[in-house]
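Worksheet for the structure shown next.
The values are calculated or read from the model by the stated rules, or taken from the named source; none is laboratory data. Computed from a prediction, not measured in an experiment: that's the story for all the values here. Glycine gets a Cβ as well: all are built from the backbone with ideal geometry, and neighbour counts include every protein chain shown. Ligands, DNA and RNA are stripped out before the accessible areas are found, and what is left, the full protein with its side chains, is counted by its heavy atoms. Shrake-Rupley method; radii C 1.70, N 1.55, O 1.52, S 1.80 Å.
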Amino acid sequence: MIEDLGELRTFDRIVRGGSLSAAARELRVSLAVVSKRLTALERRLQVRLLNRSTRRASLTDEGVLFHEHCCRVLEAVDAAEAALEQRQDVVAGVLKLTAPNGFGRRHVVPAVRSFQRAHPGVRVHLSLRDELVDLIGDGVELALRYGALDDSRLVARELAPNRRILCAAPEYLRRRGVPRCIEDLRDHDLIASGSPPVTQWLFAGPDGTVAFPLEATTLCDDGDAAQVLAVQGAGIARKSIWDVAEDLHTGRLVEVLPHFALATSPLSAVHGSGKQLAPRVRVFLEHMVQQLRESVAWGYANIPTR
């Protein structure tokens, strides 16, 4: 088995140059290196490829046959490298992308559509899932996620701030009253969401994190369902500002306890480490950030923590 492409290139240069010393000059390595590579290649193939003297090298019959195939291999490798070089600035191919359900529907789907209109050579495979996807195992190029990164094989780039807020429908607050402090939440209907649903809400207090244990009236494993319940007056929900900005903007929801900041988790783009991003991934990220900046949610997301 040929394991070292450098050995093939060295053999080809010897044949074309007529000697080991000519190959050494062209490759800019020592004569000893050229001789070592040729010897290793012949040992691996278990055949003599060249009859060589101090000044000249000539092909054996086996060497002639092998060089014909060697040339085809090197031409194919060169063509592959040239094709990749030509695509360095070409936005094309398949973009495999994942994002949380609610955020994906509201922000990623519109961004994908406008991105494809600008770059029709890109096909997008989009998976909307609240649970974490194994990017490496599933061959996903890019994930948009909330929260901290806990996989050393991945790299995260923060795209936007992400406030979490408590919110409820105006009708619910008129009926049940407006809570003034965290302890007041014990007298309200609370909506817990997640898979599994969260059991506590974390607030960022002056002396550190304050945990409020949930005794939820409603549990659901879907964040959008929790939001619909809140809009319909079922209680108070904790949501990302990226999910509820439109409802806040229209008045369907209002923020509850705005002066008690919930623990935050930024919105990040996550991809595999140690690799150059393909143009389609890099350009989509730029497009995504621009789309986020133009959304109603951007202003809400950038309100300073209170």
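Which one, Gly233, Gly272, Gly63, has the greatest fluctuation when you compute a Gaussian network model over the chain with C-alpha springs under 10 angstrom? Evaluated over the chain, the most mobile residue of the options is Gly63.
With R₀ set to 35 Å, the beta-carbon distance separating Asp12 from Arg123 gives a calculated FRET efficiency near 0.40. Its DSSP H runs of at least 4 residues, each contributing -39,500 (n - 2.57), put the calculated 222 nm mean residue ellipticity of the chain at -12000 deg cm²/dmol, to the nearest 500. Let me make sure I get this right: for the range 169-306, a, b and c are the square roots of the gyration tensor eigenvalues over alpha carbons, sorted descending. Under 1.5 in a/c it's rounded, otherwise prolate if a/b > b/c, else oblate. Which is it? Taking the square roots of the gyration eigenvalues as a ≥ b ≥ c, the range 169-306 is prolate. In a fully extended conformation the segment linking Val210 and Gln232 would gain 5.0 nm over its present Cα-Cα distance, using 0.36 nm per residue. Modelled spin labels at Glu75 and Arg48, positioned 7 Å past Cα toward Cβ, are 3.0 nm from each other.
Calculate the FRET efficiency for Leu5 and Arg157 from the Cβ-Cβ distance with a Förster distance of 30 Å, rounded to the nearest 0.05.
Working: r = 34 Å, r/R0 = 1.12.
With R0 = 30 Å, the Cβ-Cβ based efficiency is 0.35.
Lys36 sits with roughly 150 Å² accessible to a 1.4 Å probe, with DNA, RNA and ligands left out of the calculation.
Using a Gaussian network model of the chain whose springs link C-alpha atoms within less than 10 Å, name the residue from Pro266, Pro206, Pro196 with the highest mean-square fluctuation. Largest GNM mean-square fluctuation: Pro206. When Asp134, Asp61, Asp247 are compared by accessible surface with a 1.4 Å probe, the order from highest to lowest is Asp61, Asp134, Asp247. With Rg/Rh (Cα atoms, Kirkwood Rh) as the read-out, I listed [x] 0.98; [y] 1.27; [z] 1.02; which label goes with the value calculated from this structure? Label of the calculated value: [y]. For the range 168-306, with all protein chains in place and a probe radius of 1.4 Å, 51% of the accessible heavy-atom surface sits on carbon or sulfur. Accessible surface comparison of Ile241, Ile182, probe 1.4 Å, protein chains only, largest first: the order is Ile182, Ile241.
Only protein heavy atoms count here; on that basis, with a 1.4 Å probe, Arg157 has an accessible area of about 110 Å².
For the range 194-278, what relative contact order do you get, as a whole percent, if you take Cα pairs closer than 8 Å and at least 6 residues apart? Mind showing how you got there, number by number?
Working: 63 pairs, mean separation 24.2, N = 85.
Relative CO of the range 194-278 lands at 28 percent.
Counting only heavy atoms of the protein chains and using a 1.4 Å probe, Ser21 has close to 40 Å² of accessible surface.
When the solvent-accessible surface of protein heavy atoms is calculated with a 1.4 angstrom probe, in what order do Thr209, Thr218 fall, highest first?
Details: Thr209 100, Thr218 40 Å².
Largest accessible area first, the list is Thr209, Thr218.
Between 0 and 90 degrees, the angle of helix 241-250 with respect to the longest Cα principal axis of the chain falls at about 40 degrees.
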